[in-house]
Amino acid sequence: MANFFPLSQTQRPGGTIQQTPPPPGLAFGLPNNMNGYGHHGSQSTLGGLAGLAGNNTTSPGAGSAQAPPPNLPAYQERLETFQRVDQQRNEFIRELITNYQDMSRKYNEALDDLHSEQQSRRNLQQEMRELKDSMELTKGVNSRLIDANPFAFVVIDGDGAIFNDELLSRGADGGTEAAHRLNRGIRNHLNATYTDAHVEDWRIMVQLVLNMEGLARKLFACKIIDDVEVLYQFGVGFSRSQHLFSFVDVGQGKERADHKVREMFTFMARMPQCKHLYFGPCHDNGYLPFLEPILRDRDMQARTTLFEATPAEPGYRMFSRVTFENVFRSENLPARPQMGFMANTVTSVAAIAIRRGSELAATNNSNSNISTNNTNNTNNTNMATAVDPSTASNSPPPPKNATPNPSSWAAMSKGAGTGKTIDIAPAKKPPRKYMLLNKDYERLDEQLPPQQSQYQKKFADRIKDKNCCNNFHLKGYCSNGDGCNFQHGERLSAGEQIVLRHKARSIKCNSGSWCEDFDCPYGHRCKFGGKDCGHDDCRFFDTHHVDSRANVKKYEDGTYEQV
């Protein structure tokens, strides 16, 4: 609300009144025409005051003047407007201050991060320089090591690559000569392949993997060697003549040799010191899927040469191959020799007896004293007990103090005066234990007699509380004795044993196809024949490839009979 101040009047000379305005600043709220001197003198000024005063304003000479009523709502509204503006201004200033503080904090954080990153980068650059120096040093060391120990590796499947007959027949001397010839042939091939390298500094490593017993039998049957021990002597000479040459016997089973050949080749192929590889399975198409990646790898293809003894199968002809004709046979062994190894068993059995430390020869000799009245024995003598006249001298003579067979006529005549009753009936020999083998000498399971329902019920009642011990009831003994976790007690009857044998046959033998236990009650191959098995989780999955056709019987004394 504005304050109004009366103008002071001053008498001028001549009777004129002069009005003096209020001091500056005291005229706030007055109209513009009252904030100074009017152009029309005192009349204009007084006129303006009269306009503010309204109709109630009287002239100075008429009496006292009345103040105008204040316009409070307008002033209150203007005050509130000023207050709102002030509040908005204060809020804006506070917002600016807050934003500034936040930006200042972020800036400091970013500055700290920048300093940290700079330090990290310097540390990383230092580490990279040190690592680079270390790598250069390691590279130099590795280069020296690789160059210092280069070698060529040769792996041969010995079941398909057969040495020359002349070398095999010489035993240890032939093995030594074969190793020298093979070493010389490989060295010549390397010199022709790597003309710019110092091949004379490369060492040659040879691994010949085979089933020694199976190959020895076949070589003996083919009359290439006169005793199965000759091949063992050959292997000794082969390995002894060259320090890195090995004659590796993996036993019976094709998959055993194949697996070892593949793994040895894969292992050596990854070694940088191995400059060249020779792979020798060209007789078997089963290796082709394994070798296919080599054709897609130029480096491996340049480093690999296939070893060819007999003519390579068509699938191998796209690979680089090498042949050593003065070391290996160029023809396969006959599939069925004219004289099978069964026809001359005395020599083969004697050789096996030497390796196993048995007294088989003496046992065969003592068993030859059989009564001539036993027509079944004389007429049904099988191939396994036949004696070749050319080798009969190999059997040792009977001991001087040996007791004659009491069932012979000579024994009865000597004891005729003793007054004792003599049973002249020939003693029945217990059946000889045997196992069935296929052409690869893998064990097969003989068919069991069928189960009978009455014995199945008895067996089920017997095992209600505890399962029966397979060894005790089927073999007649248990090494665990009273500590066995399975049921012993009274042995099962013959019919119940058949039920137990069927159950035990469904359990896979830990030795698989190479089990040597003639009394083993467990299974050795899939009873469905492999390809006809519809079980995805078959316990005998790894035997599905086994040939189920029986080829020979192997007896407990070590002799064989062809089926």
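The values are calculated or read from the model by the stated rules, or taken from the named source; none is laboratory data. It should be emphasised that the depicted structure is a prediction, and the values quoted were computed from it without experimental measurement. Glycine also receives a Cβ, built like all others from the backbone with ideal geometry; neighbour counts cover every protein chain displayed. The area values use the complete protein model at the heavy-atom level, side chains included, leaving out ligands, DNA and RNA. Shrake-Rupley method; radii C 1.70, N 1.55, O 1.52, S 1.80 Å.
Given the conditions (1) among the small types (Gly, Ala, Ser); (2) under 23 Å from Ala269 (Cα atoms); (3) buried (at least 21 other Cβ atoms within 10 Å of the Cβ); (4) at pLDDT 90 or above, and given that Gly158 satisfies all but one, which numbered condition is not satisfied?
For Gly158, the failing item is (4).
Table: residues versus (1) among the aromatic types (Phe, Trp, Tyr); (2) under 17 Å from Leu436 (Cα atoms); (3) more than 40 Å from the chain's Cα centre (by Cα).
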position	(1), (2), (3)
Gln452	no, no, yes
Phe459	yes, no, yes
Asn480	no, no, no
Gly512	no, yes, no
Cys526	no, yes, no
Asp532	no, no, no
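Against the conditions (1) open to solvent by less than 60 Å² (accessible area, probe 1.4 Å); (2) touching a residue at least 12 places away in the same chain (Cβ under 8 Å); (3) hydrophobic (A, V, I, L, M, F, W, C), where does Leu145 fall short? Just the number, please.
(1)
Among helices (runs of 4 or more DSSP H) lying entirely in the stretch 175-285, which contain 3 or more residues that are under 23 Å from Ala148 (Cβ atoms)?
Details: elements: 212-221, 229-241, 254-269.
By residue number, 254-269.
Consider only pairs whose beta carbons are under 8 Å apart and that are at least six residues apart or on different chains; among these, list those whose first residue lies in the stretch 272-286 and is touching a residue at least 12 places away in the same chain (Cβ under 8 Å) and whose second residue is open to solvent by 40 Å² or more (accessible area, probe 1.4 Å) and of a type in the set (S, T, N, Q).
Sorted first by the residue in the stretch 272-286, then by its partner, the pairs are Pro272/Asn142; Gln273/Asn149; His276/Thr193; His283/Asn332.
State all residues of the stretch 501-515 that are closer than 26 Å to Val250 by Cα and either in contact (Cβ under 8 Å) with a residue 24 or more places away in the chain or among the aromatic types (Phe, Trp, Tyr) (or both); if no residue qualifies, say none.
Within the stretch 501-515, Ile507, Lys508, Gly512, Ser513, Trp514, Cys515 meet the criteria.
Please find, among Leu492, Leu500, the residue that is outside any loop (DSSP other than H, G, I, E, B), touching a Cys at 6+ places or on another chain (Cβ under 8 Å) and under 29 Å from Phe528 (Cβ atoms).
Of the residues listed, the single one that is outside any loop (DSSP other than H, G, I, E, B), touching a Cys at 6+ places or on another chain (Cβ under 8 Å) and under 29 Å from Phe528 (Cβ atoms) is Leu500.
Criterion first (crowded, with 17+ Cβ neighbours inside 10 Å, under 19 Å from Leu210 (Cβ atoms) and either of a type in the set (Asp, Glu) or at pLDDT 80 or above (or both)) does Glu263 satisfy it?
No: the conditions fail for Glu263.
Just checking, which of Glu516, Glu556, Glu561 is acidic (Asp, Glu), in contact with a helix residue (DSSP H, G or I) (Cβ under 7 Å, 6 or more places away or on another chain) and surrounded by fewer than 18 Cβ atoms within 10 Å (Cβ to Cβ)?
The conditions single out Glu561.
Look at the stretch 230-243 and say how many of its residues are touching a residue at least 60 places away in the same chain (Cβ under 8 Å) and surrounded by fewer than 19 Cβ atoms within 10 Å (Cβ to Cβ).
Looking only at that region, the number is 5.
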